[in-house]
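Enquirer: So that we are looking at the same thing, I have put the structure below in structure tokens.
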């Protein structure tokens with residue numbers, strides 16, 4: 001081996017070692033324990049696929065998956081619609097562009113947890129007060145306390161925060177479009193609607209794909225907002241998969257069982273991302 | 001250009017939209033300065049006096065400066081670790097992608113982007129507490145590990161655009177691989193360093209889940225974790241809570257106000273990649 005090759009090897013070994021010890025090794029352990037009845041302490045035995053089968057029979061787990069999907073799908077769609085519109089607006093001939101861009105990006109730099117606490121106050125105190133004062137029925141009760149509506153509050157906070165980053169990605173995408181294309185369309189007499197669907201959208205399609213995949217993945221892993229807003233409640237109405245694994249694993253002595261749940265969760269996330277990429281990329285080519 | 005006329009309708013619409021962003025911040029600031037008695041009145045009104053009592057009380061109660069110190073420590077150590085090690089790994093990978101081993105390493109690292117944290121969480125927590133890493137130093141090392149996937153991805157993409165001729169010239173002049181990296185490549189990567197530093201710093205500063213499961217001693221808590229830990233006491237006193245929230249987001253807010261152009265530019269550069 002040449003000196004140069006040896007140097008390259010030395011460059012990767014520390015990171016590789018750290019990554020293996022603190023990422024791959026725990027992941028393998030998690031997979032290993034998912035086939036046991038380990039509680040997080042004491043002795044354990046192999047139980048085969050029992051934990052996996054139990055996850056599918058566990059109402060609490062199934063509910064967590066249902067809630068997380070519902071939340072993630074709705075949030076992903078809303079975030080992408082709002083971000084794309086905002087980005088197109090910010091890309092237009094507007095005054096105060098720098099101020100506007102800086103303001104819309106602001107939520108990205110704030111802690112999700114703290115934003116959650118601030119919105120919790122808005123949902124539990126401000127909006128009901130406002131609803132009572134103005135006699136608006138919908139606002140007069142705390143939506144976070146309603147098992148059927150609490151998820152909407154979480155969607156609002158998630159969207160409020162995530163629009164910032166996705167808008168920036170779309171702005172980056174829009175900046176890659178050559179203005180001459182629009183001039184040509186103007187000469188052909190294309191309207192704004194036609195310009196959007198025929199030019200803008202196809203040209204930002206790769207960014208749309210990335211945004212959809214990344215947003216969906218992030219929302220499927222939602223944790224901070226939920227801890228701050230509802231703590232998974234009322235009851236377990238808004239318990240996400242991450243929160244369930246955290247609770248069951250650390251507080252419920254379900255180390256092995258939640259490890260199995262985490263493996264399923266991992267497979268689901270990879271499967272959804274791959275499907276999204278396939279579908280969206282196929283559409284891009286058209 | 002399509003014409004340089006300012007679209008005022010759009011401008012006004014976008015300005016109105018910023019109210020959605022700014023209102024929660026306005027609320028945070030005003031509530032932080034109010035007294036519990038004022039809370040029964042108009043919630044949107046400005047506080048009657050701008051007294052810092054809530055802040056002083058919150059500082060004492062939550063040990064604010066301790067938490068601030070922890071957050072700054074974790075963020076700085078994470079960023080330094082990430083800049084030094086991830087750029088190095090990415091360089092070795094980017095220049096050897098034609099070799100099976102490095103190609104495997106590349107995909108091995110970036111596949112971690114799709115591994116949800118909970119799958120490693122339970123064993124990782126056991127492991128770190130056993131090895132005495134349940135503190136801010138351990139947290140910083142783990143942060144660097146968790147960011148490896150994304151950083152290698154954007155660093156490798158960037159290094160591929162640096163022409164090899166520059167290195168070859170240096171090698172002919174007798175530079176070793178290490179000298180080539182530190183003297184030629186590392187300085188050339190400056191724009192990507194900025195992007196990586198910004199994204200990593202924001203993530204480390206605002207992170208909640210990893211500190212929550214890793215840190216065992218409350219004297220090591222970071223700012224977000226402190227807000228979580230004091231929820232019990234805060235639930236009875238919103239003014240105190242909001243003073244504490246405001247102080248927790250203020251450092252990043254100040255940095256953002258002065259460096260927003262730079263931060264936005266850095267994040268955008270990472271996304272075009």
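The values are calculated or read from the model by the stated rules, or taken from the named source; none is laboratory data. Computed from a prediction, not measured in an experiment: that's the story for all the values here. With ideal geometry, Cβ positions are generated from the backbone for all residues, glycine too; neighbour counts draw on all protein chains shown.
Enquirer: Consider segment A:66-89. How many of its residues are surrounded by fewer than 21 Cβ atoms within 10 Å (Cβ to Cβ) and within 12 Å of chain B (Cβ to nearest Cβ)?
Expert: 4
Yes or no, residue by residue, for (1) touching a residue at least 40 places away in the same chain (Cβ under 8 Å); (2) closer than 17 Å to residue A:156 by Cα:
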{"residue": "A:207", "(1), (2)": "no, no"}
{"residue": "A:212", "(1), (2)": "yes, no"}
{"residue": "A:220", "(1), (2)": "yes, yes"}
{"residue": "A:240", "(1), (2)": "yes, yes"}
{"residue": "A:255", "(1), (2)": "yes, no"}
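Enquirer: For residue B:230, indicate whether it is touching a helix residue (DSSP H, G or I) at 6+ places or on another chain (Cβ under 7 Å), without any contact (Cβ under 8 Å) to a residue 40 or more places away in the chain, closer than 21 Å to residue B:66 by Cβ and surrounded by fewer than 23 Cβ atoms within 10 Å (Cβ to Cβ).
Expert: Values: touching a helix residue (DSSP H, G or I) at 6+ places or on another chain (Cβ under 7 Å): yes; without any contact (Cβ under 8 Å) to a residue 40 or more places away in the chain: no; closer than 21 Å to residue B:66 by Cβ: yes; surrounded by fewer than 23 Cβ atoms within 10 Å (Cβ to Cβ): yes.
No: the conditions fail for residue B:230.
Enquirer: Could you count how many residues in segment A:41-55 are in contact (Cβ under 8 Å) with a residue 60 or more places away in the chain and either at positive phi or not in a loop (DSSP other than H, G, I, E, B) (or both)?
Expert: 4
Enquirer: Now for a separate question. What is the residue count in segment B:125-145 for residues that are more than 9 Å from chain A (Cβ to nearest Cβ) and free of Cβ contacts under 8 Å to residues at least 12 places away in the same chain?
Expert: 3
Enquirer: Looking at (1) surrounded by 15 or more Cβ atoms within 10 Å (Cβ to Cβ); (2) more than 21 Å from residue A:108 (Cα to Cα); (3) within 26 Å of the chain's Cα centre (by Cα); (4) without any contact (Cβ under 8 Å) to a residue 60 or more places away in the chain, which is the one condition that is false for residue A:199?
Expert: Just one mismatch for residue A:199, condition (3).
Enquirer: Now, a different point. So for segment A:131-151 (the condition being in a helix (DSSP H, G or I) and within 15 Å of the chain's Cα centre (by Cα)), does at least one residue qualify? Quick ask: steps written out before the conclusion?
Expert: Of segment A:131-151, the ones in a helix (DSSP H, G or I) are A:131-134, A:138-140, A:143-145, A:150-151.
Subset that is within 15 Å of the chain's Cα centre (by Cα): A:151.
Within segment A:131-151, one or more residues are in a helix (DSSP H, G or I) and within 15 Å of the chain's Cα centre (by Cα).
Enquirer: Sticking with this structure for a sec: Considering each of B:199, B:122 in turn, give the residue that is in contact with a helix residue (DSSP H, G or I) (Cβ under 9 Å, 6 or more places away or on another chain), closer than 30 Å to residue B:217 by Cβ and touching a residue at least 40 places away in the same chain (Cβ under 8 Å).
Expert: Working: B:122 fails: touching a residue at least 40 places away in the same chain (Cβ under 8 Å).
Sole residue among the options that is in contact with a helix residue (DSSP H, G or I) (Cβ under 9 Å, 6 or more places away or on another chain), closer than 30 Å to residue B:217 by Cβ and touching a residue at least 40 places away in the same chain (Cβ under 8 Å): B:199.
Enquirer: Another question, if that's okay. Looking at (1) under 26 Å from the mean Cα position of the chain (by Cα); (2) within 23 Å of residue B:114 (Cα to Cα), find the lone condition where residue A:58 falls short.
Expert: Looking at each condition in turn, residue A:58 falls short on (2).
Enquirer: Looking only at segment A:152-194, filter to residues that are more than 10 Å from chain B (Cβ to nearest Cβ) and assigned to a loop (DSSP other than H, G, I, E, B); which one of those is nearest to residue A:120 (Cα to Cα)?
Expert: It comes out as A:177.
Yes or no, residue by residue, for (1) facing chain A (nearest Cβ under 10 Å); (2) in contact with a helix residue (DSSP H, G or I) (Cβ under 7 Å, 6 or more places away or on another chain); (3) within 18 Å of residue B:235 (Cα to Cα):
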{"position": "B:5", "(1), (2), (3)": "yes, no, no"}
{"position": "B:8", "(1), (2), (3)": "yes, no, no"}
{"position": "B:12", "(1), (2), (3)": "yes, no, no"}
{"position": "B:21", "(1), (2), (3)": "yes, yes, no"}
{"position": "B:30", "(1), (2), (3)": "no, no, yes"}
{"position": "B:34", "(1), (2), (3)": "no, yes, yes"}
{"position": "B:38", "(1), (2), (3)": "no, no, yes"}
{"position": "B:43", "(1), (2), (3)": "yes, yes, yes"}
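Enquirer: Could you count how many residues in segment A:18-38 are loosely packed, with under 15 Cβ neighbours inside 10 Å and either closer than 21 Å to residue A:252 by Cβ or touching a strand residue (DSSP E or B) at 6+ places or on another chain (Cβ under 7 Å) (or both)?
Expert: Residues meeting the conditions: 1.
Enquirer: Of the residues that sit in segment B:215-236 and are part of a loop (DSSP other than H, G, I, E, B), over 19 Å from residue A:229 (Cβ atoms) and at pLDDT below 90, which one is farthest from the other protein chains (Cβ to nearest Cβ)?
Expert: Quick first cut of segment B:215-236, residues part of a loop (DSSP other than H, G, I, E, B) only: B:215-217, B:221-222, B:230, B:235-236.
From the residues that got through so far, the ones that are over 19 Å from residue A:229 (Cβ atoms) too are B:215-217, B:221-222.
Then keep just the ones that are at pLDDT below 90; that gives B:216-217.
Details: B:216: 12, B:217: 17 Å.
Looking at residues that are part of a loop (DSSP other than H, G, I, E, B), over 19 Å from residue A:229 (Cβ atoms) and at pLDDT below 90, I get B:217.
Enquirer: Within segment B:171-214, restricting attention to residues that are at the interface with chain A (Cβ under 8 Å from one of its Cβ atoms) and part of a loop (DSSP other than H, G, I, E, B), which residue is modelled with the highest pLDDT?
Expert: B:208
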